[in-house]
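Structure, as structure tokens:
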Amino acid sequence: MKSTTRALKEWNVAVNALERGKTIMLLRKGGIREQAGHFNVGEKQVLLYPTFEHQQPDLLKPEFADRVKTVESGWHPEFVKIGSWAEITDVFLVAWEPAITALFPYHIWNEKFVSDRLKWKQNQPIYILLLRVYHLAETCEIPYIPEYGGCRSWIDLADPILLEETKAVLSDREYIERSNQIRNLIANPANDSGSPRVTTLTDGSQDFSRHE
């Protein structure tokens, strides 16, 4: 039976948006405690672990900001609800601002968040993750332990969670349509004149950089 302990930590509001089919995209640069200081995707099938401590309504579009209740620093639930897992179908490294700006309709964050992400660790690109999300057969409530804390993206749960008998949030057709739209925008964002600017996928990687 298929199961995993590997989990991707993300704001609760973002996990909720993924589970409701409001987005299929995450923008990441990694947490302070990432290995070697960089965000990396080691596994493609991961549980979605909701976090609450660092959620900031002022970094979200209004329809998502209204769903956030801020908590004190260091707060965490006694039990964490895990209701979904995701297959990370695409990982893009994007450093060119027009390509990132073109993706604005497809994620939950506002202009301030995008600007802050671009400015933080300016020598590092933003990771664009596309996720095919599945509801677990049953929501699992797991006890919080200190090993799950800290500013890092990836954790391993104490016990595995089954990935059997799960249901996709979006149909195959819906996911293919949305992911293709996003791939096309990353590859061909419009420049200031409105005509497409070609970007190139470098050999052996998923690094999109400006190509003159």
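Observations, loosely collected:
- Neighbour cut-off at most 15 other Cβ (10 Å), DSSP loop, chymotrypsin sites (Phe, Trp or Tyr not before Pro), the range 98-165: 120, 144
- For the range 1-110, Kirkwood radius (reciprocal of mean inverse C-alpha pair distance, Å): 15.4
- Cross-link reach list, lysines versus residue 61, counting only Cα pairs under 21 Å and skipping chain neighbours closer than eight places: 9, 22, 29, 69, 112, 119
- Stokes-Einstein, applied to the Kirkwood radius of the range 127-196 over Cα pairs at a viscosity of 0.692 mPa s and 37 °C, places its translational diffusion at 205 µm² s⁻¹.
- Residue-normalised convex hull volume from the C-alpha trace of the range 74-148: 149 Å³ per residue.
- For the range 43-96, the carbon plus sulfur part of the accessible surface works out to 50%, probe radius 1.4 Å.
- Accessible area per residue for the range 102-143 is 50 Å², calculated with a 1.4 Å probe on protein heavy atoms, without ligands, DNA or RNA.
- Taking only protein heavy atoms and a 1.4 Å probe, the accessible area of the range 127-178 is 49% carbon and sulfur.
The values are calculated or read from the model by the stated rules, or taken from the named source; none is laboratory data. What you see is a predicted model; the values in this text were computed from it and never measured. All Cβ positions, glycine included, derive from the backbone under ideal geometry; neighbour counts span all protein chains shown. Surface areas here come from the heavy atoms of the whole protein model, side chains and all, with no ligands, DNA or RNA. Shrake-Rupley method; radii C 1.70, N 1.55, O 1.52, S 1.80 Å.
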